[in-house]
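Colleague: Mind looking over this structure? Questions follow.
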Amino acid sequence: MTKVIKLNSDFRVYLITDRALFPADAFLPAVEAALKGGVRVLQLREKDLGVDALPALDRDVKELTQKYKG
């Protein structure tokens, strides 16, 4: 898993994920909506995912964040 920390990030809107709040097919669209809405710091925190599933979700979320960085 890749961990990137930018000290110059805007921490006014900070998102900590919780997939349990969404149907399975709505999680990534919800993350993207948050990014479109101005979230610039995102913590992927999915404690219930095992070591096999978390890296795939990490890649999907990272791909979304790359579209909105800057």
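Colleague: Can you tell me which residues in the stretch 16-38 are open to solvent by less than 30 Å² (accessible area, probe 1.4 Å), within 16 Å of ASP48 (Cβ to Cβ) and in contact with a strand residue (DSSP E or B) (Cβ under 8 Å, 6 or more places away or on another chain)?
Modeller: THR17
Colleague: Out of everything in the stretch 52-70 that is among the charged types (D, E, K, R) and in a helix (DSSP H, G or I), what residue ends up being least open to solvent (accessible area, probe 1.4 Å)? Steps first, answer last, please.
Modeller: Filtering the stretch 52-70 for residues among the charged types (D, E, K, R) gives 52, 58-60, 62-63, 67, 69.
Right, trim to in a helix (DSSP H, G or I) and you get 58-60, 62-63, 67.
On the way: ASP58: 25, ARG59: 149, ASP60: 71, LYS62: 87, GLU63: 130, LYS67: 128 Å².
Ranking the candidates gives ASP58 first.
Colleague: A follow-up question, please. Among the residues of the stretch 39-48, count how many are open to solvent by less than 80 Å² (accessible area, probe 1.4 Å) and within 16 Å of THR2 (Cα to Cα).
Modeller: Number satisfying all stated conditions: 5.
Colleague: From the list LEU49, LEU42, pick out the single residue that is modelled with pLDDT under 95 and outside any loop (DSSP other than H, G, I, E, B).
Modeller: Checking each option against the conditions leaves just LEU42.
The values are calculated or read from the model by the stated rules, or taken from the named source; none is laboratory data. As the structure is a prediction and not an experimental result, all values here were calculated from the model. Methodologically, a virtual Cβ is constructed for each residue, glycine included, from the backbone with ideal geometry; neighbour enumeration extends over all protein chains shown. Remember, those area values only see protein heavy atoms, side chains included, never the ligands or the DNA or RNA. Shrake-Rupley method; radii C 1.70, N 1.55, O 1.52, S 1.80 Å.
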